[in-house]
Amino acid sequence: MKVAIVSSFVPFVGGGARNIVDWLAAELEKRGHEVVKVLLPFSDEPRFLFQQIAAFRTIDLTDSADIAICIRPPAYFIKHPRKVVWFIHHLRTYYDLWESEFRLTRDTAITRARRDSLRRADTAALGEATRIFVNSVVVGERLKKYNDIESTVLYPPLPTDYRGSSNDAGDTITYISRLDLTKRQHLLIDALALTTSDVRLVLAGKAADASYSTFLREHAENLGVEHRVTIDDRWVSDDEKADLIASSFAVAYLPVDEDSYGYPTLEAARVQRPVLTAVDSGGVLELVSDGLNGRVVEPTPQALAAAMDDLFFDRDNSARMGVALSQSVSDLDISWDTVIEGLLS
């Protein structure tokens with residue numbers, strides 16, 4: 001089968017949305033399909049939003065591919081009679097983040113008109129799809145709430161060649177993700193200052209805005225914990241991730257109402273490490289349950305500090321929860337066979 005994978009990308013920026021395209025293409029090719037990736041650059045600059053949508057709308061793959069699988073917005077504006085959408089998130093500033101402190105634009109008559117126009121256009125374009133899948137229950141609920149569209153959950157896996165590591169767990173909690181205000185790495189630094197154990201932190205990942213990584217370093221210094229936290233503002237390879245996580249006794253992932261469980265959660269499960277997250281972290285909670293395979297606490301420095309100390313002092317329980325997290329992933333059948341069977345059905 002000739003399969004076109006259509007998505008947008010931010011030039012020179014990696015991340016989960018970019019990985020999912022490459023990993024899906026590789027898995028389809030392993031199964032004998034011909035694959036082409038159709039990628040257009042995308043910027044969240046409001047002035048260019050509808051120009052970029054128009055660029056995708058001009059693409060008609062009807063005569064080029066048997067099926068078009070659309071991933072990141074606004075890829076689903078392309079034309080194809082068998083358009084399948086694996087919807088990973090809205091342009092969130094115009095949807096669930098509109099009423100939050102994380103909205104990237106002011107609330108004015110013009111921006112509200114842009115928001116409303118985008119929502120109508122998204123609903124129309126998504127309505128053309130023959131099948132719509134989402135990467136989490138959370139995203140499916142948003143799609144129903146804002147666009148009145150039903151969907152099926154299809155959890156994205158790690159690549160099949162993602163390796164584990166046999167490193168012994170050390171004294172570190174590792175958080176590998178884009179350094180960003182919505183990922184809330186600063187909360188862990190706040191918590192670190194309140195811990196009674198000798199726990200250390202590794203915060204690694206390329207910053208969306210360099211000012212945030214600068215803030216994190218200055219914040220750690222101001223709280224006097226700079227010697228217990230490593231802040232590594234760069235893209236971290238899969239092999240490095242595996243080693244860092246395996247050298248830690250737990251993994252942290254504290255996004256604000258995240259779209260899915262996040263790759264850090266799967267990476268933790270691969271090497272049997274528990275995950276520390278928050279009650280408002282969204283899709284993460286579809287996989288992580290407090291006391292079963294990780295810790296789920298209020299997003300406050302006090303609650304996080306207490307959980308960090310508990311994980312540090314009770315290593316036997318931390319190890320047990322790490323094993324349980326690995327089993328949770330297995331129970332959900334998060335695999336490429338499941339994904340490809342769904343997308344091509």
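Have a look at the chain and give its Rg and Dmax from the Cα atoms, expressed in angstrom.
20.4, 64
Karplus couplings for the range 50-56 from phi (6.51 cos²θ - 1.76 cosθ + 1.60, θ = phi - 60°), rounded to Hz, Gly and Pro as x?
Working through the residues one at a time gives 6, 5, 5, 4, 4, 4, 5 Hz.
Provide His33, His227 in ascending order of the number of other Cβ atoms located within 10 Å of each residue's Cβ, fewest first. It would help to have the intermediate numbers written out before the result.
On the way: His33 16, His227 9.
Exposure proxy ranking, most exposed first: His227, His33.
Assign one of three labels to the range 201-246, namely rounded, prolate or oblate, based on the Cα gyration tensor with a ≥ b ≥ c the square roots of its eigenvalues; rounded applies when a/c is under 1.5, prolate when it is not and a/b is larger than b/c, and oblate otherwise. Don't skip to the answer; put the middle values down first.
Numbers: a/c = 4.63, a/b = 1.46, b/c = 3.17.
Here the range 201-246 falls in the oblate category.
Before rounding to the nearest 500, sum -39500 (n - 2.57) across all DSSP H runs of length at least 4 in the chain and divide by the residue total; then give [θ] at 222 nm in deg cm²/dmol.
-11500 deg cm²/dmol
With each pseudo-label sitting 7 Å past Cα toward Cβ, what's the Ser117-Lys2 distance in nm, one decimal?
Spacing of the two 7 Å Cα→Cβ label points: 3.5 nm.
Is the C-alpha gyration tensor of the range 87-182 telling us rounded, prolate or oblate? Criteria: a/c under 1.5 is rounded; beyond that, a/b larger than b/c is prolate, otherwise oblate. If you can, show how the numbers build up before the last one.
Working: a/c = 3.47, a/b = 1.55, b/c = 2.24.
Note, shape of the range 87-182 comes out oblate.
As an exercise, use a Förster radius of 56 Å and the Cβ-Cβ distance of Thr108 and Lys30 to find the FRET efficiency, rounded to the nearest 0.05.
That pair, Thr108 with Lys30, gives E of 0.70.
Looking only at Cα atoms, what is the convex hull volume of the range 1-93 per residue, in Å³?
89 Å³
Can you give the local net charge around Thr130? Use residues other than it whose beta-carbon is closer than 15 angstrom to its beta-carbon, Lys and Arg +1, Asp and Glu -1. Spell out each step's value before the answer.
Working: positive: Lys79, Arg82, Lys83, Arg131; negative: Asp66, Glu128, Glu150.
Within the 15 Å Cβ shell, the charges total +1.
Which log10 I(q)/I(0) values does the range 172-331 give at q = 0.11, 0.12, 0.20 Å⁻¹ under the Debye formula, counting every alpha carbon as one identical point scatterer?
-0.36, -0.43, -1.33
Neighbour counts of other C-beta atoms within 10 Å: give me Asp60, Asp190 arranged from fewest to most.
Asp60, Asp190
In which sequence would Lys2, Lys206 go, from the one with the fewest C-beta neighbours within 10 Å to the one with the most? Spell out each step's value before the answer.
Working: Lys2 13, Lys206 19.
In order of increasing Cβ crowding within 10 Å: Lys2, Lys206.
Which Cα, out of Leu28, Leu304, Leu192, lies furthest along the positive dipole direction of the chain (beta carbon charges, K/R +1, D/E -1)?
After comparing all options, I get Leu28.
Over the chain, what is the percentage of antiparallel beta bridges among all DSSP beta bridges, to the nearest 5?
In the chain, approximately 0 percent of DSSP beta bridges are antiparallel ones.
For each pair in Lys83/Lys241; Lys83/Lys145; Lys30/Lys241; Lys37/Lys241; Lys37/Lys206; Lys145/Lys206, compute the distance between the two Cα atoms and list the pairs where it is over 28 Å.
Over 28 Å Cα-Cα: Lys83/Lys241; Lys145/Lys206.
Please work out whether the range 126-213 counts as rounded, prolate or oblate from its C-alpha gyration tensor, where a ≥ b ≥ c are the square roots of the eigenvalues and a/c under 1.5 means rounded, while otherwise a/b larger than b/c means prolate and anything else oblate?
Since a/c reaches 1.5 and a/b is larger than b/c, the shape of the range 126-213 is classed as prolate.
No value in this document is a laboratory result; all are computed from the given coordinates. Quick caveat: nothing in here was measured; it's all calculated off a predicted structure. Heads up, the Cβs are rebuilt from the backbone with ideal geometry, glycines too, and the neighbour counts pull from every protein chain shown.
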